[in-house]
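Below: one structure, written as structure tokens.
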Amino acid sequence: AGGGGTPEVLATVDTSAQASTTNGALVFNDVPLVSGTAITHQAGTTDILITQPGIYQAAFQGAVSVSAGTAIPATIRVRLTENGANVPGASAIHTFTSSSELATLPFTAPFQVTTVPTTIQVVASLDGFNFDEIALTIVRLGDATATVTAAL
């Protein structure tokens, strides 16, 4: 697809605090922006659905704090998954050294969708943490093209 046309963009957020669960997907309660039809999300759920193959870009950020009773030091990772598999480069990690610490965990990464429908989730590695002010934006960059390697 060339320039112009309707951009395929989805922005989903959750401004309320939510407790993490081990290998549990984060819930996004609001969809302040959706353009096009390739990327959809039902507010209040964990799944973002992609229905058109192509190259996409995901950008996530969220504030993370330690829940009461969590032993310190503690390390949490947040990652993007595509149909349950980790998306390479789409993760952030932080080691908390104080129970009163607050960290922002951001990541941005491109990924390719070849099979549709594809389910995208943001997954936390451990329980014992609170996520707040989370946001995920997914943009379709365009069609994937085959890579041709010239023979020597």
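See the values below:
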| read-out | value |
| --- | --- |
| Residue that is open to solvent by 20 Å² or more (accessible area, probe 1.4 Å) and either over 18 Å from Ala124 (Cα atoms) or in contact with a Phe, Trp or Tyr (Cβ under 7 Å, 6 or more places away or on another chain) (or both), where the choices are Val64, Val27, Val31 | Val31 |
| Number of the exception - Thr21 against (1) exposed (fewer than 13 other Cβ atoms within 10 Å of the Cβ); (2) outside any strand (DSSP E or B) | (1) |
| Check on Arg140, touching a Gly at 6+ places or on another chain (Cβ under 7 Å) and either part of a strand (DSSP E or B) or open to solvent by 70 Å² or more (accessible area, probe 1.4 Å) (or both) | yes |
| Any hit, the stretch 79-93, residues being surrounded by fewer than 18 Cβ atoms within 10 Å (Cβ to Cβ), out of contact with any Gly (no Cβ under 9 Å at 6 or more places or on another chain) and of a type in the set (Lys, Arg) | no |
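The values are calculated or read from the model by the stated rules, or taken from the named source; none is laboratory data. If you're wondering where the values come from, they're calculated on a predicted model, not measured in any experiment. Every residue, glycine among them, receives a Cβ derived from its backbone with ideal geometry; neighbour counts consider all protein chains shown. Note: areas computed on protein heavy atoms with side chains; ligands, DNA, RNA excluded. Shrake-Rupley method; radii C 1.70, N 1.55, O 1.52, S 1.80 Å.
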